[in-house]
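These notes concern the structure reproduced below.
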Amino acid sequence: MHELSITKSLVKTVLSRFDDKTMKAVKSVTLVLGGMYDYEEKWLQRYMDELSVGTPLEGAGLCVKKVPVTFKCRRCGFIFPMDLKGSGSVACRQCGSLEYDMHTGREFYVESMEVEDK
Ligand SMILES: [Zn+2]
């Protein structure tokens, strides 16, 4: 269950942004998640529930925004989506080059959090 360790760092990040002078509780967290991670949303929420007991994050909802995996061609700059579960090598759809870098899909960050003010 790799969701557990990633949820730990998520909870830590949220709590580090929490200011108990002005905030009362966290109501919801929006997480941006790249398509190369196969974390299951229900496990992220479940672990967040468990790990946040006794903290201002307790009972908060988790909203996951998934970002598709895309690659950017090194030769022509064309950006194209790729299914990582697909087989074989995929060439740039515009120029046929096999040299490209991952453009999106590795995201894992807290985009925003909704808080209850004091
Ligand atoms: Zn290209």
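Would you be able to tell me the number of residues in the range 45-90 that are away from the ligand (no atom under 16 Å from the Cβ) and not basic (Lys, Arg)?
27
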- Message: Condition (residue is among the hydroxyl-bearing types (Ser, Thr, Tyr) and either within 18 Å of Ala25 (Cα to Cα) or in a strand (DSSP E or B) (or both)) applied to the range 81-89: is it met by at least one residue?
- Response: no
- Query: What is the number of the single condition among (1) in a strand (DSSP E or B); (2) within 16 Å of the ligand (Cβ to nearest atom); (3) of a type in the set (Ser, Thr, Tyr) that Ser97 does not meet?
  - Reply: (1)
- Message: Can you tell me how many residues within the range 100-115 are loosely packed, with under 11 Cβ neighbours inside 10 Å and away from the ligand (no atom under 16 Å from the Cβ)?
- Response: 0
- Task: Report yes if some residue within the range 59-66 is at pLDDT 95 or above, assigned to a loop (DSSP other than H, G, I, E, B) and at negative phi; otherwise report no.
- Result: yes
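The values are calculated or read from the model by the stated rules, or taken from the named source; none is laboratory data. For clarity, every value in this text was computed on a predicted model and none was experimentally measured. We place every Cβ from the backbone using ideal geometry, glycine too, and count neighbours over all the protein chains shown.
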